[in-house]
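The values are calculated or read from the model by the stated rules, or taken from the named source; none is laboratory data. Nothing here was measured: the structure is a model prediction, and the numbers come from that model. Cβ placement follows ideal geometry from the backbone for every residue including glycine, while neighbour counts extend to all protein chains displayed. In case anyone asks, the SASA skips ligands and DNA or RNA and just uses the protein heavy atoms, side chains included. Shrake-Rupley method; radii C 1.70, N 1.55, O 1.52, S 1.80 Å.
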Amino acid sequence: DNQGILKSLVNLKNLTTALLRNRKDRRALEINSIEPQLKIDKYGKIKKISIPKTLFSHRMIEESMIAANVCAADFLKNNNQEGVYRIHEEPDLPDISNLKNYFLSKGMKSSKPQSSIDLFNSFFKFVYEDKKRNSLAILILQSLKRAEYSTKEIAHFGLQLDNYTHFTSPIRRYPDLLVHRLIKAKINNKES
């Protein structure tokens with residue numbers, strides 16, 4: 001019924017607002033990486049390149065997926081000896097220092113000593129303040145360590161989360177499937 005759907009959407013909107021507030025409070029990286037959309041004609045030629053607008057509905061889906069991934073990671077941690085976690089280690093200090101010096105030379109204002117996450121967020125803020133600097137975001141992304149899968153629980157630097165895994169649909173990677181199997185086996189009281 002329409003009233004039930006509307007109530008669910010209002011609840012999801014409220015949940016997303018709370019999740020975004022939590023994201024801001026934990027100072028997760030705010031990366032505005034938007035992939036351009038290509039419109040191709042029937043001959044395979046590019047007709048148009050556009051940058052899609054990020055809507056609140058996109059944030060609703062993203063934050064819900066992150067919340068589900070955190071719940072799955074917590075379930076694994078609390079119920080299994082081992083799990084498959086998505087980890088993202090903190091960048092190395094020399095990389096952070098080099099990046100800071102580079103952005104200071106480009107006009108970024110220096111401030112009091114900051115944590116690694118605060119520095120990276122200030123780099124992104126500086127880049128996104130001026131559209132002419134958007135291409136510099138690649139430098140920031142290249143200085144970050146790559147996220148990877150591990151059986152060790154290492155925090156996710158970019159999201160600023162202690163436990164994180166990949167669980168959400170659609171299942172795109174084999175580790176996603178492993179997480180589903182581990183959770184399902186535990187729910188069914190089977191050895192995984």
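Just a few scattered comments:
- For Met65, solvent-accessible area (1.4 Å; no DNA, RNA or ligand), Å²: 60
- When the charge dipole of segment 60-192 is built from unit charges on Cβ atoms (+1 for Lys and Arg, -1 for Asp and Glu) and taken about the Cα centre, the candidate among Ser135, His156, Val70 whose Cα reaches farthest toward its positive end is Ser135.
- Helical runs (DSSP H, four residues minimum) scored at -39500 (n - 2.57) apiece and divided by the length of the chain put the mean residue ellipticity at 222 nm at -16500 deg cm²/dmol.
- Solvent accessible area, Å² - Ser143, 1.4 Å probe, full protein context: 20
- With viscosity 0.890 mPa s and temperature 25 °C, the Kirkwood radius over alpha carbon pairs of the chain converts through Stokes-Einstein to a diffusion coefficient of 126 µm²/s.
- 0 to 90° range, to nearest 10: angle between helix 93-105 axis and the chain longest Cα axis: 40
- Net charge in the neighbourhood of Lys47 (other residues with Cβ under 15 Å of its Cβ; Lys, Arg +1, Asp, Glu -1) is +3.
- Count of Lys pairs (Cα-Cα under 20 Å; at least 8 positions apart or interchain) in segment 49-169: 18
- For segment 3-51, diffusion coefficient by Stokes-Einstein and Kirkwood Rh (Cα), 20 °C, 1.002 mPa s, µm²/s: 148
- Subtracting the Cα-Cα distance of Thr151 and Lys112 from their residue separation scaled by 0.36 nm leaves 10.4 nm.
- Contour excess over end-to-end distance, with Cα ends at Ile40 and Asn11 and 0.36 nm allotted per residue: 6.6 nm
- Between the Cα long axis of helix 56-79 and the first principal axis of the chain there is an angle of about 50°, rounded to the nearest 10.
- Simple label model, 7 Å out from Cα along Cβ direction - Leu139 to His180, nm: 4.2
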